[in-house]
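Engineer: Questions regarding the structure given below will be posed in turn.
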Amino acid sequence: MPASSARPCRRVPVASPMSRSAEMAQDLFEAAREAMAKCHAPYSKFPVGAAIRADDGSIHAGANIEVISFPEGWCAETTAISHMVMAGQARIREVAVIAEKLDLCTPCGGCRQRLAEFSAPDTLVHLCDAEGVKKTLRMDELLPYAFETEVIG
């Protein structure tokens with residue numbers, strides 16, 4: 001067999017898929033943080049922002065909006081979904097959530113269900129603090145037993 005002049009491959013450390021996704025989600029983090037600054041939370045004083053990347057790559061952000069007839073306000077994830085739908089999009093590729101007073105703010109139960117209805121099981125959910133993405137979960141990890149249409153026929 002002739003000797004090869006090719007050198008052996010050098011192993012290069014590769015970032016894990018989750019750390020790569022966190023780097024790619026920087027624009028979502030920034031959109032969620034900017035949305036959080038526009039929240040209307042005079043009662044709870046608990047600002048939250050969310051940003052969704054739709055399947056077409058567009059970003060739709062939202063903030064929590066409270067009204068005095070609590071709990072009739074809207075969560076940040078809900079307003080972001082509304083912006084996405086009104087822009088003609090129907091599927092979420094990934095989402096980022098940030099709260100001013102928590103290091104990691106996960107969506108509430110109702111928002112988990114709303115997000116799941118517009119997502120695939122492997123949709124990424126980025127949990128952020130003031131510095132950026134700190135943890136990334138898949139939708140099926142965040143809500144493993146989502147209520148699905150098969151249940152209602």
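The values are calculated or read from the model by the stated rules, or taken from the named source; none is laboratory data. As the structure is a prediction and not an experimental result, all values here were calculated from the model. We place every Cβ from the backbone using ideal geometry, glycine too, and count neighbours over all the protein chains shown.
Engineer: Does residue 17 qualify as being modelled with pLDDT of 95 or more and either at negative phi or of a type in the set (Gly, Ala, Ser) (or both)? Even if it seems obvious, please write down each step before you answer.
Structural biologist: Working: modelled with pLDDT of 95 or more: no; either at negative phi or of a type in the set (Gly, Ala, Ser) (or both): yes.
So residue 17 does not fit the description; no.
Engineer: Out of all the residues in region 122-153, which are exposed (fewer than 13 other Cβ atoms within 10 Å of the Cβ) and either modelled with pLDDT of 95 or more or over 27 Å from residue 86 (Cβ atoms) (or both)? Walk me through it before giving the result.
Structural biologist: First, the residues of region 122-153 that are exposed (fewer than 13 other Cβ atoms within 10 Å of the Cβ): 122, 130-131, 141, 144-145, 147-153.
122, 130, 131, 141, 144, 145, 150, 151, 153 - these are the residues of region 122-153 that are exposed (fewer than 13 other Cβ atoms within 10 Å of the Cβ) and either modelled with pLDDT of 95 or more or over 27 Å from residue 86 (Cβ atoms) (or both).
Engineer: Among the residues of region 104-121, how many are of a type outside the set (Lys, Arg), part of a helix (DSSP H, G or I) and closer than 15 Å to residue 62 by Cα?
Structural biologist: Going residue by residue through region 104-121, those that are of a type outside the set (Lys, Arg) are 104-111, 113, 115-121.
Next, only the ones that are part of a helix (DSSP H, G or I) stay: 109-111, 113, 115-117.
Narrowing the set further to residues that are closer than 15 Å to residue 62 by Cα leaves 111, 115.
Residues meeting the conditions: 2.
Engineer: On to the next question. Only residues in region 118-137 that are within 18 Å of residue 48 (Cβ to Cβ) count as the first member; pair them with residues that are small (Gly, Ala, Ser) and assigned to a strand (DSSP E or B), Cβ under 6 angstrom, at least 6 apart or cross-chain, and list the lot.
Structural biologist: Matching pairs, first to second residue: 126/96; 128/96.
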